[in-house]
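Chemist: Mind having a look at this structure? Questions to follow.
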Amino acid sequence: MIHAIGLVEFTSIAQGIECADIMVKTAEVNILVAKTTCPGKYIVLVSGDVSSVQQSVNAGRELGADTVVDYFVIPNVHPSILPAISGTTSIREIKALGIIETYSVASLIEAADSAVKAGDVEPLLLHLAFGIGGKSYTILTGEVASVKAAVEEGSGLASEKGLLIRQVVIPRPAKQLIESLV
């Protein structure tokens, strides 16, 4: 069971790789993702107990200094977040859709975690900056009122950081749209 996750997003690939090394040497964490993203950024996502993840993220931020774009530590990450990142969610019924779009991977994962904790919604996916110019977005589904509340909550975090691009709620998505998403 994963208790906490932490992510540091860098503008430099070389610096990101060096920081990934120090992050796993600093504390007992597991690398979940360490890879390049668009446009030439690098992300390191780690998991472990809250204290270890915090130490790891702090070490990455310190070494990364001015190359750090964004970061987070999420204690008690919602269990639906990691499957949505890896694309392994299976949702039986799609109702209303909520979309949150951000400028950073870190702000999007934080927003999605906050959103699913705030409302009775499920994430369809979290698309993390691959092939879309460094932007990230999540698509959530549930009843209209729940989706609205969840999107509002999740968007607030990204907005506070100045990294929110757009939030959208589609109460009754067209069947063709739903088919194109799944």
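Chemist: Going by accessible area, probe 1.4 Å, with all protein chains left in place, what is the ranking of LEU126, LEU177, largest first? It would help to have the intermediate numbers written out before the result.
Modeler: Numbers: LEU126 10, LEU177 65 Å².
The residues order as LEU177, LEU126, largest area first.
Chemist: Measuring from a point 7 Å past the Cα of CYS38 along Cα-to-C-beta, which residues in region 76-101 have an amide N at less than 16 Å?
Modeler: Under 16 Å, as judged by backbone N against the label point of CYS38, lie 101 of region 76-101.
Chemist: List the lysines whose Cα sits under 28 Å from the Cα of LYS135, skipping any in the same chain fewer than 8 residues away.
Modeler: LYS35, LYS41, LYS95, LYS117, LYS148, LYS161, LYS175
Chemist: What is the helix-to-structure angle for 105-118, meaning the angle in degrees between its Cα long axis and the longest Cα principal axis of the chain, kept from 0 to 90 and rounded to the nearest 10?
Modeler: For 105-118 against the chain, the angle is about 50 degrees.
Chemist: Then there is this: Please state the charge dipole magnitude for region 53-134, taken about the Cα centre, from unit charges on C-beta atoms (+1 on K and R, -1 on D and E), reported in debye and rounded to the nearest 20. Spell out each step's value before the answer.
Modeler: On the way: 4 positive and 9 negative charges, 38 e Å.
Dipole about the Cα centre, nearest 20: 180 debye.
Chemist: Rounded to the nearest 0.05, what FRET efficiency is calculated for GLU143 and ALA14 with R0 set to 41 Å and r the Cβ-Cβ distance?
Modeler: Rounded to the nearest 0.05, the efficiency is 0.35.
Chemist: Work out the FRET efficiency for SER86 and GLU160 from their Cβ-Cβ distance, taking R0 = 25 Å, and round it to the nearest 0.05.
Modeler: Details: r = 27 Å, r/R0 = 1.09.
After rounding to 0.05, the efficiency reads 0.40.
Chemist: Grab the Cα-Cα distance for ASP66 and HIS78, subtract it from 0.36 nm times how many residues apart they are, and report the gain in nm with one decimal.
Modeler: On the way: separation 12, 0.36 × 12 = 4.32 nm, distance 3.01 nm.
My answer for the length gained is 1.3 nm.
Chemist: So, for region 80-181, what is the accessible surface per residue at a probe of 1.4 Å, expressed in square angstrom?
Modeler: Details: 4890 Å² over 102 residues.
That works out to 48 Å² per residue.
The values are calculated or read from the model by the stated rules, or taken from the named source; none is laboratory data. Just so you know, these numbers come straight off a predicted model, no measurement behind them. Positions of Cβ are generated from backbone atoms using ideal geometry, with glycine treated the same way; all protein chains shown enter the neighbour counts. Surface accessibility is based on the protein's heavy atoms, side chains included, excluding ligands, DNA and RNA. Shrake-Rupley method; radii C 1.70, N 1.55, O 1.52, S 1.80 Å.
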